[in-house]
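See below for the structure under consideration.
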Amino acid sequence: MTNKPIKMSANGVQVWYGDTHAIKDVSVDLEDRTVTAFIGPSGCGKSTFLRCLNRMNDTIDICRVEGDIHLDGQDIYDRRVDPVQLRARVGMVFQKPNPFPKSIYDNVAYGPRIHGLAPTRADLDQLVEEALRHAALWEEVKDRLTAPGTGLSGGQQQRLCIARAIATQPEVLLMDEPCSALDPIATGQVEELIANLTKDFCVAIVTHSMQQAARVSQRTAFFHLGNLVEYGETGQIFTNPVDKRTESYITGRIG
Ligand SMILES: Nc1ncnc2c1ncn2[C@@H]1O[C@H](COP(=O)(O)OP(=O)(O)OP(=O)(O)O)[C@@H](O)[C@H]1O
């Protein structure tokens with residue numbers, strides 16, 4: 001571990017979908033201001049585990065989560081925690097860009113409006129501009145803020161979704177294969193953006209691309225059949241894995 005503080009800490013997490021045991025006793029600490037990549041073969045539970053971190057699995061009826069997950073020492077599954085408030089602190093970006101059918105401005109203003117973060121219109125304007133700048137999109141959209149978000153290119157839409165997620169001033173950003181629907185140029189822009197986000201956020205990203213994990217993350221967690229097999233510095237995982245299963249995956253023998 002480096003000496004960065006721990007932002008989120010998961011201990012003994014188990015997840016079931018009905019009888020399917022999708023996550024088996026997983027414990028992970030996520031460092032602040034660090035990108036942590038979750039990698040592993042299809043169906044190994046990466047997305048399921050990611051969704052535990054902001055209680056998105058609560059929305060799936062047959063899903064049952066056990067174990068402890070803490071954000072800054074607070075149990076996020078405590079009955080007193082409001083999942084909507086939690087998701088403002090632990091934002092999420094999905095595989096397919098999913099802007100709301102609203103203007104570019106309103107997409108970004110949505111969260112701050114719901115959470116009452118901007119008392120005046122000038123405050124809201126400022127928050128929207130900051131989020132769009134932070135998401136490296138401002139220069140491309142500043143003259144068409146009232147145009148629909150759905151009219152942007154795929155890569156711009158994904159950066160808009162990132163702007164929407166950071167507009168509520170979260171502490172953690174979860175990204176579930178955020179580049180899988182993008183072309184290589186848009187992927188490069190989003191990866192560059194992710195690298196910049198590390199300055200301000202704790203980021204966890206699910207990716208199928210080992211090259212992407214190697215490019216954007218400082219720490220990597222390798223999942224296999226619902227188990228966390230290995231977790232460490234990204235460089236070590238890719239060049240000197242301890243577990244045979246990790247080695248098989250990164251050399252392309254399983255997956
Ligand atoms: N909504 C759901 N209902 C039932 N089972 C589910 C659901 N979501 C995931 N599962 C099951 O949980 C296991 C883990 O799936 P998950 O999507 O988390 O894996 P993953 O590693 O993210 O896969 P992929 O890389 O293909 O997206 C799989 O067996 C999957 O079929």
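Bear in mind that the values in this text are calculations on the coordinates, not laboratory data. Keep in mind that this is a model prediction, so the values were computed, not measured. Backbone-built Cβ (ideal geometry, glycine too); neighbour counts: all protein chains shown.
Anyone know which of Glu129, Glu191, Glu233 comes out most mobile in the 10 Å Cα GNM of the chain? Comparing Glu129, Glu191, Glu233 in a Gaussian network model of the chain, the most mobile one is Glu233. Taking trypsin sites (Lys or Arg not before Pro) across the range 122-164, the ones in a DSSP loop with at most 14 further Cβ atoms lying within 10 angstrom of their Cβ are Lys142, Arg144. What fraction of the Cα pairs in the chain, stated in percent, has a spacing above 25 angstrom? Counting every Cα pair in the chain, those more than 25 Å apart make up 43 percent.
Taking 0.36 nm per intervening residue step and subtracting the Cα-Cα distance, what contour gain separates Asp61 from Arg121 on full extension?
On the way: separation 60, 0.36 × 60 = 21.60 nm, distance 3.89 nm.
Full-extension gain reported as 17.7 nm.
Based on alpha-carbon centroids, what's the gap between the range 164-178 and the range 19-34 in Å, whole number please? Cα centroid to Cα centroid, the span is 18 Å.
Maximal additional length on extending the Arg79-Glu139 stretch stands at 17.3 nm, based on 0.36 nm per residue less the C-alpha distance.
Annotation: lysines with alpha-carbon distance below 20 angstrom to Lys4 (same-chain offsets under eight excluded): Lys199. Based on DSSP H segments of at least four residues, each scored -39500 (n - 2.57), the chain has a per-residue ellipticity at 222 nm of -10000 deg cm²/dmol.
Quote the FRET efficiency, to the nearest 0.05, computed for Asp183 versus Thr150 with a Förster distance R0 of 30 Å and r equal to the Cβ-Cβ distance. Calculated transfer efficiency: 0.95. Taking only the C-alpha atoms of the range 177-242, the Rg (one decimal) and the largest Cα-Cα distance, Dmax (whole number), read 12.4, 34 Å.
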